[in-house]
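*Asks:* Before anything else, here's the structure in question.
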């Protein structure tokens, strides 16, 4: 199980607001419910699941601003792929909370 932190940055929107694009990305992620977990944060979106599927999801949400007419998109991703034990968003948070 992998966790990806992804930020899609639409370039050339004509306004500083990108919430329209973020909302559309969340609609795309809804189509994957039951196969991945995802969490919107104020600065990015976290997605969790099988790495192969997550890479497909990354490609699909990277395309969202292009589908809305933009000509340039920058996407940042960080992948946490732990193979020695189950890696979930909840377990990572619980591990920190247990140490507080």
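Please treat every number below as a calculation from the coordinates, not as lab data. Owing to the predicted nature of the structure, the values given are computational and were not obtained by experimental measurement. All Cβ positions, glycine included, derive from the backbone under ideal geometry; neighbour counts span all protein chains shown.
*Asks:* If we scan the stretch 58-80, do we find a residue that is in contact with a strand residue (DSSP E or B) (Cβ under 7 Å, 6 or more places away or on another chain) and without any contact (Cβ under 8 Å) to a residue 40 or more places away in the chain?
*Replies:* Yes, the stretch 58-80 contains at least one residue that is in contact with a strand residue (DSSP E or B) (Cβ under 7 Å, 6 or more places away or on another chain) and without any contact (Cβ under 8 Å) to a residue 40 or more places away in the chain.
*Asks:* Filter the stretch 47-61 down to residues that are assigned to a helix (DSSP H, G or I) and in contact with a helix residue (DSSP H, G or I) (Cβ under 9 Å, 6 or more places away or on another chain) and give me whichever is surrounded by the fewest Cβ atoms within 10 Å (Cβ to Cβ).
*Replies:* Narrowing the stretch 47-61 to residues assigned to a helix (DSSP H, G or I): 51-61.
Then keep just the ones that are in contact with a helix residue (DSSP H, G or I) (Cβ under 9 Å, 6 or more places away or on another chain); that gives 57, 60-61.
Values: 57: 22, 60: 15, 61: 25.
Here the residue is 60.
*Asks:* On to the next question. Evaluate the following for residue 89: is it surrounded by fewer than 13 Cβ atoms within 10 Å (Cβ to Cβ) and within 16 Å of residue 5 (Cβ to Cβ)? Show your work before the answer.
*Replies:* Numbers: surrounded by fewer than 13 Cβ atoms within 10 Å (Cβ to Cβ): no; within 16 Å of residue 5 (Cβ to Cβ): yes.
The answer is no for residue 89.
*Asks:* Sticking with this structure for a sec: Could you list all residues from the stretch 21-42 that are in contact (Cβ under 8 Å) with a residue 12 or more places away in the chain, out of contact with any strand residue (DSSP E or B) (no Cβ under 9 Å at 6 or more places or on another chain) and farther than 12 Å from residue 8 by Cα?
*Replies:* Answer for the stretch 21-42, where residues must be in contact (Cβ under 8 Å) with a residue 12 or more places away in the chain, out of contact with any strand residue (DSSP E or B) (no Cβ under 9 Å at 6 or more places or on another chain) and farther than 12 Å from residue 8 by Cα: just 28.
*Asks:* Can you report the number of residues in the stretch 62-94 which are in a helix (DSSP H, G or I) and touching a helix residue (DSSP H, G or I) at 6+ places or on another chain (Cβ under 7 Å)?
*Replies:* Just the residues of the stretch 62-94 that are in a helix (DSSP H, G or I), to begin with: 62, 64-67, 89-94.
From what's left, touching a helix residue (DSSP H, G or I) at 6+ places or on another chain (Cβ under 7 Å): 64-65.
Residues in the stretch 62-94 being in a helix (DSSP H, G or I) and touching a helix residue (DSSP H, G or I) at 6+ places or on another chain (Cβ under 7 Å): 2 in total.
*Asks:* Conditions first: (1) under 22 Å from residue 70 (Cβ atoms); (2) under 12 Å from the mean Cα position of the chain (by Cα). Residue 36 passes all but one, so which condition is the exception?
*Replies:* Going through (1) under 22 Å from residue 70 (Cβ atoms); (2) under 12 Å from the mean Cα position of the chain (by Cα) one by one, residue 36 breaks only (1).
*Asks:* Still on this structure, please answer the following. Just give me the residues in the stretch 27-46 being farther than 13 Å from residue 89 by Cβ and surrounded by 14 or more Cβ atoms within 10 Å (Cβ to Cβ), in sequence order.
*Replies:* 28, 29, 32
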